[in-house]
Amino acid sequence: MSKTTRGYLQDLSTYLDKVSTFTQSGRDAFYANEMAQLAVIRCYTVIGEIVKRLSPELRDTNPQIGWRKLAGFRDFLAHNYDEIILDFVWQAIEDLPALRAKIQALLNSLLDENDEDSDDT
């Protein structure tokens, strides 16, 4: 069964929440915890894969979200394990609240559109 756009965005939101959970103890704890580092890197790999599965139309009509950057980050993490610099991963973590808010706003707008569509029946 194929996922819907809403399903992918909900998955994206879930993985953003996981990153937040894994890094809630702060930068120093993250840098000292290899398990947290590996978990966060895996989450960003999945996030990038989800982004790649979203329709080009959705990505094009929502340029406020750095889709290309997220997909590119995924590719880098997946293919360059020996070149990962934790400072770059932490920068992504610092951008998390803004990204989470944009994804939530997009999800809310899709829910609003679905509500409007159901009113027409």
Exercise. Please give the number of the condition residue 13 fails out of (1) small (Gly, Ala, Ser); (2) within 21 Å of residue 104 (Cα to Cα); (3) not in a helix (DSSP H, G or I).
Key: (3)
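Name the residue that is farthest from residue 93 (Cα to Cα), counting only residues in segment 23-58 that are in contact (Cβ under 8 Å) with a residue 24 or more places away in the chain and aliphatic (A, V, I, L, M).
Here is the first cut: in segment 23-58, the residues in contact (Cβ under 8 Å) with a residue 24 or more places away in the chain are 23, 27, 30-31, 37, 40-41, 43-51, 53-55, 58.
Still in the running and aliphatic (A, V, I, L, M): 40-41, 46-47, 50-51, 54, 58.
Details: 40: 9, 41: 10, 46: 15, 47: 13, 50: 17, 51: 17, 54: 22, 58: 24 Å.
Looking at the filtered set, the residue picked out is 58.
Matching residues to (1) over 15 Å from the mean Cα position of the chain (by Cα); (2) exposed (fewer than 14 other Cβ atoms within 10 Å of the Cβ):
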position: 30; (1), (2): yes, no
position: 39; (1), (2): no, no
position: 44; (1), (2): no, no
position: 57; (1), (2): yes, yes
position: 70; (1), (2): no, no
position: 80; (1), (2): yes, yes
position: 84; (1), (2): yes, yes
Quiz item: Do any residues in segment 59-74 that are assigned to a loop (DSSP other than H, G, I, E, B) have Cβ atoms under 6 Å from those of residues that are surrounded by fewer than 18 Cβ atoms within 10 Å (Cβ to Cβ) and at pLDDT 95 or above, where the two are at least six apart or on different chains, and which pairs are they?
Solution: 64/102; 65/102
Practice problem: Keeping to segment 39-70, report how many residues are among the aliphatic types (A, V, I, L, M) and farther than 14 Å from residue 15 by Cα. | Solution: 3
Practice problem: Please work out which residue is surrounded by the most Cβ atoms within 10 Å (Cβ to Cβ), limiting yourself to segment 97-121 and to residues that are modelled with pLDDT of 95 or more and of a type in the set (D, E, K, R). | Solution: 100
Self-check item: Failed condition for residue 65, given (1) closer than 19 Å to residue 104 by Cβ; (2) loosely packed, with under 14 Cβ neighbours inside 10 Å
Solution: (2)
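The values are calculated or read from the model by the stated rules, or taken from the named source; none is laboratory data. What you are looking at is a predicted structure, and each value in this text was computed from that prediction instead of being measured. We place every Cβ from the backbone using ideal geometry, glycine too, and count neighbours over all the protein chains shown.
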